[in-house]
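Working notes, beginning with the structure itself.
Every read-out reported here was derived from the displayed coordinates using simple, explicitly stated rules and does not represent laboratory data. These numbers come from a predicted model, not from an experiment. Because the Cβ atoms are built from the backbone with ideal geometry, glycine has one as well, and the counts that use them run over all protein chains shown.
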Amino acid sequence: MTEIAATECGARERILAAAVERIASDGIDDMRIARVAMDAGVSTSLVHYHFETREALLGEALEFSYERAGEVRRADGEEAEPDPQRRLLSMVDQCLPYPGVLRQDWVLWLELWLRTVRHPELGPTGARLYERMHDWLSEGIAACGPPPAIDPGELADRALALCDGLGVRVLIGEMAIEYARAQVWGYLARELNLDASLGEG
Amino acid sequence: MLAAAAEVIRERGLERARVSDVAERAGTSAPSVLYYFASKAELLKEALVSAEEGYYEQLDRELIEIESARERMVKIVGGGAGEGDYDAALWMELWAKALSDPELAATRAELDGRWRRTIAEIVRYGQARGEFGPAEPEDFALLLGSLLDGLAVQIALGDAEVTSGRAQQLSLALAERELDCELRAMA
């Protein structure tokens, strides 16, 4: 306990940040607790103290990565964007694997999908993260004044599924991210009568 | 042997699937498994290709029985062939491994290309029959294929909001908009 008491409260965050990077670069199966501990500058027993199992660490790393992406979004001033169309386009961008933090998040997502098949206990984490994305995007769609026949929640489900399906192809290297972006935006623009050319810039 | 490999990979994941498990399930020895497949990646690839081939053969047989292009579209969006095995678990394994393995990435692209050609052919067939509007078949195939993959992920995550029935409705809604036709009433 002395080590834990003496550790600054940032240790947990450092472990999570290190885990996110290791999972993104090595994959969850090759993620070694000892390596994460070394990257975070803590002992392996401290990692085990905070996270009982690998699955617990993966689940929390995902939540952590999602929160961090949310901070990036706010820092980008997305909420200050007064034009609802541009704001929606910037939301679409946040759902695609642009290089950097977003790409890292994406690799984690992929690992989570994989795990969920054999570790149903991770399901609620995934469903919770998805629900937050869904509510966030629904609001962005609703702000664009959709035609009466459009249900913003259903359109958000379709848009997120498109981002996931196209994003995975970008990640594997099958297409350029600009192309995926233009596809998602083109579809949203057709449904919402928005400016399709906005997504091509 | 391929069926055994598919089962083991589905249950344990590629990383934890052992060649000896596959051998045991197939009633053979590990050396003979390795004689046919140089690596586990090779095994995943062959297991998937074989499962997909069965799926497409079944689907083609079923599609040819259906005259209406709109009904064909409803059929493939509704999970495809009745007996065929669209194997989400194996697919996800392939996606994740394709990130670091160019050979598996090529396999994924190949299988995906076949699926997209099936969709595009139905679009052209429906356009020739005057059932569908003037969408670009290849663009539509990519859009619908990506949507179906994304929805499969939501279902796999156990999202309570997205069941397979609802996923079908969501996909048909996209197809209706893009192909300018009625589909949901036929499902």
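The simple spin-label model puts a point 7 Å past each Cα toward its Cβ; for A:Ser45 and A:Arg132 those points are separated by 3.3 nm. Under 17 Å of direct C-alpha separation, and excluding same-chain neighbours fewer than eight residues apart, B:Lys97 reaches these lysines: B:Lys40, B:Lys45. Does chain A come out rounded, prolate or oblate by the C-alpha gyration tensor, with a ≥ b ≥ c the root eigenvalues, rounded set by a/c under 1.5 and, if not, prolate when a/b is larger than b/c and oblate if not? It comes out prolate by the Cα gyration axes.
Is any residue of region B:44-58 close enough, with backbone N under 16 Å, to a label point placed 7 angstrom from the Cα of B:Ala3 along the Cα-Cβ axis, and if so, which? Backbone N within reach: B:47-55, B:58. For region B:91-187, the list of GluC sites (Glu not before Pro) that fall in a loop by DSSP and count at most 14 other C-beta atoms within 10 angstrom reads B:Glu161, B:Glu182. Taking a point 7 Å from the Cα of A:Asp83 along the Cα-to-Cβ direction, the residues of region A:159-201 with backbone N closer than 20 Å to it are A:178-179, A:181-201.
The length gained by stretching the chain between A:Met38 and A:Arg190 to full extension, at 0.36 nm per residue less their Cα-Cα distance, is 49.7 nm.
Give the angle, between 0 and 90 degrees and rounded to the nearest 10, that separates the Cα long axis of helix B:137-156 from the longest principal axis of the Cα atoms of chain B. Compared with the principal axis, the helix lies near 60 degrees.
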